[in-house]
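Read the structure below first, then the notes.
The values are calculated or read from the model by the stated rules, or taken from the named source; none is laboratory data. Computed from a predicted structure; not experimentally measured. We work out accessible area using only protein heavy atoms, side chains counted, and drop any ligands, DNA or RNA first. Shrake-Rupley method; radii C 1.70, N 1.55, O 1.52, S 1.80 Å.
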Amino acid sequence: MNPVHPKKLLLTKWTATRPVARQKHYLVSRVILPDEPGAAVEWVEIEAVHSKSVRRIPWRELRDPSVWRQGWV
């Protein structure tokens, strides 16, 4: 399990273990803050480095080493 914290995810680099739409390298472009001030962060937006396409994923998905690796591998 990757040791990540949602508040430190902004601008971190990730590699998909299985490319999505031929995209492999991603950057966390935005941490989506919840509407309630005391609530936990649940979502991040990742941007494909090559095509600049953006997807919203649950940040906890980044902790799964079978799906994501931290850094550009």
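Expressed as a whole percent, how much of the Cα-Cα distance distribution for the chain exceeds 20 Å?
Details: 599 of 2628 pairs.
Tail fraction, whole percent: 23.
Roughly how many Å² of Lys13 are accessible to a 1.4 Å probe, to the nearest 10?
90 Å²
With θ set to phi - 60° and the Karplus curve 6.51 cos²θ - 1.76 cosθ + 1.60, what are the ³J(HN,Hα) couplings of the range 13-27 in order, to the nearest whole Hz, using x for Gly and Pro?
Here the 3J(HN,Hα) series is 9, 9, 10, 6, 5, 10, x, 10, 6, 6, 9, 10, 9, 10, 10 Hz.
For Trp43 and Ala21 in one chain, what is 0.36 nm times their gap in residues minus the Cα-Cα distance, to one decimal in nm? Could the numbers behind the result be given before it?
Working: separation 22, 0.36 × 22 = 7.92 nm, distance 2.07 nm.
Using 0.36 nm per residue and subtracting the Cα-Cα distance, I get 5.9 nm.
Leaving ligands, DNA and RNA out of it, report the carbon-plus-sulfur percent of the accessible area of the chain at a 1.4 Å probe.
Details: 2760 of 5090 Å².
Result for the chain: 54 percent of the exposed heavy-atom area is carbon or sulfur.
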